[in-house]
């Protein structure tokens with residue numbers, strides 16, 4: 001055959017099916033553009049040079065990997081609509097004498113054209129908009145804005161290579177479908193409808209059981225660490241259950257609507273319900289896909305937006321004071337008033353030399369240990385089976401009642417084995433606190449608040465703060481037992497205070513304080529296990545880099561999920577429009593008006609297309625407690641903010657969803673009403 005024959009056939013076929021190919025090409029181009037932007041940000045020198053830039057770059061690299069996995073799945077899914085529509089055309093080529101190898105070459109040319117257009121246009125648009133994305137990212141994390149424009153050849157090469165691999169896999173899948181079909185099947189593929197399906201009760205019940213299990217898991221888990229462990233299990237259960245319920249439930253719903261004579265035998269309901277019955281297996285799967293994508297968007301935007309807008313709260317939880325110093329000693333034998341006075345005097349001298357105005361200074365000692373809660377008894381010498389059970393791991397922080405009263409301004413009195421407790425990310429409902437060595441305390445009060453340290457605030461493991469009469473006397477037996485099992489209590493001396501200094505002054509102060517502590521108290525002292533000096537302002541950039549990066553990545557992935565949702569809805573309307581075209585043509589010949597067609601389409605929207613949105617909102621509502629627990633891992637406890645971000649996300653997405661359906665339903669209407677033929 002002449003050179004260019006296959007390319008002309010491919011171009012002609014794509015032009016004749018432009019209603020299908022134009023949205024597909026636009027989606028592919030958008031995916032390439034987004035892929036380049038995300039990878040560009042991961043290697044951008046402007047991002048890397050910022051404080052916290054390394055964190056952002058790492059997150060963008062991970063985001064690119066996640067995005068490519070979803071893009072491959074999404075493009076395979078949408079390409080199936082194109083193949084289904086083109087099979088009749090390929091069957092005609094086969095009957096006219098073109099072998100499957102020749103059809104494969106046509107498909108290859110279509111794939112090459114699609115790849116060339118989408119990758120070329122996507123990389124150009126990515127290069128154009130990458131600077132805008134970089135500015136948005138820098139602004140989110142509070143970095144210094146640079147207006148120099150750059151193009152990353154590495155990002156272009158990696159993005160182009162990734163999409164070439166995806167298109168190659170799509171081409172191979174298309175060849176497989178053509179190779180396994182005979183000409184008669186290809187010719188009839190567009191007109192083959194599904195047999196009237198039966199409502200599979202077992203599938204529906206299985207879906208309901210899975211969904212109930214996932215919902216129960218989401219609302220019953222109290223431990224944030226458990227929420228992190230079981231989150232993806234719950235997500236998998238919800239995805240499977242959603243598909244089962246939509247496939248089985250949609251069939252059952254149509255059957256019930258058909259049995260309702262007052263509803264079914266109306267012009268605006270009869271045609272839409274009858275049409276849906278014959279394709280409910282695909283219809284249910286499509287609606288489930290829309291529901292899952294909508295849920296992903298709502299959960300991702302709600303969580304990442306809440307993190308970003310609540311970053312200041314989380315920052316102050318991690319750094320309760322503007323400047324802090326903490327020294328960890330190996331055991332009680334290392335703690336004495338002379339050593340504590342040395343630490344305190346060094347801090348006082350650095351404050352005087354730096355002329356810092358100190359406010360709200362606190363100082364205290366605490367002791368920490370970790371254990372396993374085994375049926376009410378705290379096991380310290382745990383075996384591997386206990387350690388792997390993350391639900392039962394608990395940290396304990398012991399503070400003397402004198403330190404607690406001095407810092408909080410209270411006047412509590414406890415003696416003997418009496419203690420007061422406060423749970424961080426956990427509730428300890430026992431009346432006694434019992435350790436495996438026989439050390440036992442009577443819990444006389446559950447405290448309403450506690451001065452949680454920054455490390456405790458950000459620790460993913462639940463913590464119980466315990467106020468004891470005296471650290472050494474109360475924990476002497478426990479300390480001896482820990483030595484016997486080659487463990488030990490960690491004793492911490494902590495001081496922190498607020499200042500009026502800016503970031504530079506705080507950095508200078510903490511640097512000087514760390515140097516003095518190391519030189520005068522730490523070096524050569526084997527009793528000291530570790531030490532740290534931190535300032536809030538010095539770590540603000542890293543904090544906002546993490547949360548801003550997560551929010552930006554959430555926005556990028558949400559846009560991609562939205563594009564997928566729009567394209568699935570569009571192709572669903574297109575494919576069903578072509579399937580219903582002949583039915584509506586017959587109905588118009590027997591007296592059905594275009595007004596009746598419009599009403600029928602609106603009936604279908606109210607009957608079917610609101611279901612994914614409603615189910616997505618229900619999924620979000622049941623996922624809300626788990627999202628709240630996951631945010632606790634970032635020490636974000638602002639429930640009002642989480643409710644506000646969830647509400648705004650649902651409202652904006654619902655409006656967007658209705659606009660998309662309105663636009664795509666017009667395309668469906670134009671096909672089934674004959675307007676498409678009139679405008680040719």
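The values are calculated or read from the model by the stated rules, or taken from the named source; none is laboratory data. Keep in mind that what you see is a predicted model, and the values were worked out from it rather than measured. Glycine also receives a Cβ, built like all others from the backbone with ideal geometry; neighbour counts cover every protein chain displayed.
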Assuming residue 652 fulfils every condition listed in (1) over 16 Å from residue 293 (Cα atoms); (2) modelled with pLDDT of 85 or more apart from one, which condition is it?
(1)
For region 482-507, enumerate the residues that are surrounded by fewer than 19 Cβ atoms within 10 Å (Cβ to Cβ), at pLDDT 80 or above and closer than 29 Å to residue 223 by Cα.
490
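Kindly evaluate residue 623 against the criterion of being more than 30 Å from residue 449 (Cβ to Cβ) and either modelled with pLDDT of 80 or more or out of contact with any strand residue (DSSP E or B) (no Cβ under 6 Å at 6 or more places or on another chain) (or both).
Considered against the rule, which asks whether it is more than 30 Å from residue 449 (Cβ to Cβ) and either modelled with pLDDT of 80 or more or out of contact with any strand residue (DSSP E or B) (no Cβ under 6 Å at 6 or more places or on another chain) (or both), residue 623 comes out as no.
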In the list 326, 349, 312, 356, which residue meets the criterion of being assigned by TED's automatic domain parsing to the domain that holds residue 517, assigned to a helix (DSSP H, G or I) and either over 29 Å from residue 470 (Cβ atoms) or within 36 Å of the chain's Cα centre (by Cα) (or both)?
349
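For residue 410, are the conditions met, namely being farther than 24 Å from residue 230 by Cα, in contact with a helix residue (DSSP H, G or I) (Cβ under 8 Å, 6 or more places away or on another chain), surrounded by fewer than 17 Cβ atoms within 10 Å (Cβ to Cβ) and modelled with pLDDT of 85 or more?
In short, yes.
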Here is a list: 369, 461, 444. Which entry is farther than 19 Å from residue 226 by Cβ, touching a residue at least 40 places away in the same chain (Cβ under 8 Å) and either within 31 Å of the chain's Cα centre (by Cα) or part of a strand (DSSP E or B) (or both)?
369
Quick one: which of 294, 317, 305 is part of a helix (DSSP H, G or I), in contact with a helix residue (DSSP H, G or I) (Cβ under 9 Å, 6 or more places away or on another chain) and modelled with pLDDT under 85?
317
Of all residues in region 321-357, how many are surrounded by fewer than 18 Cβ atoms within 10 Å (Cβ to Cβ), more than 27 Å from residue 478 (Cα to Cα) and in contact with a strand residue (DSSP E or B) (Cβ under 8 Å, 6 or more places away or on another chain)?
1
Of (1) in contact with a helix residue (DSSP H, G or I) (Cβ under 8 Å, 6 or more places away or on another chain); (2) in the same structural domain as residue 447 (by TED's automatic domain parsing); (3) in a helix (DSSP H, G or I), residue 404 satisfies all except one. Which?
(1)
Might you let me know whether region 379-387 holds any residue that is out of contact with any helix residue (DSSP H, G or I) (no Cβ under 6 Å at 6 or more places or on another chain), assigned by TED's automatic domain parsing to the domain that holds residue 332 and assigned to a strand (DSSP E or B)?
yes
With the checklist (1) more than 18 Å from residue 17 (Cα to Cα); (2) part of a helix (DSSP H, G or I) in hand, flag the one item residue 569 doesn't pass.
(1)
Condition check for residue 535: closer than 30 Å to residue 137 by Cβ, touching a residue at least 60 places away in the same chain (Cβ under 8 Å) and touching a helix residue (DSSP H, G or I) at 6+ places or on another chain (Cβ under 7 Å):
yes
The number of residues in region 423-449 that are modelled with pLDDT of 80 or more and closer than 29 Å to residue 497 by Cα is 7
Inspect all residues belonging to region 517-526 and state whether any of them is without any contact (Cβ under 8 Å) to a residue 60 or more places away in the chain and within 36 Å of the chain's Cα centre (by Cα).
no
On the basis of being more than 27 Å from residue 652 (Cβ to Cβ) and at pLDDT below 65, does residue 216 make the cut?
no
Which of (1) at pLDDT below 85; (2) out of contact with any strand residue (DSSP E or B) (no Cβ under 9 Å at 6 or more places or on another chain) does residue 452 not meet, given it meets every other one?
(2)
Failed item, numbered, when residue 516 is tested on (1) out of contact with any helix residue (DSSP H, G or I) (no Cβ under 9 Å at 6 or more places or on another chain); (2) farther than 30 Å from residue 632 by Cα
(1)
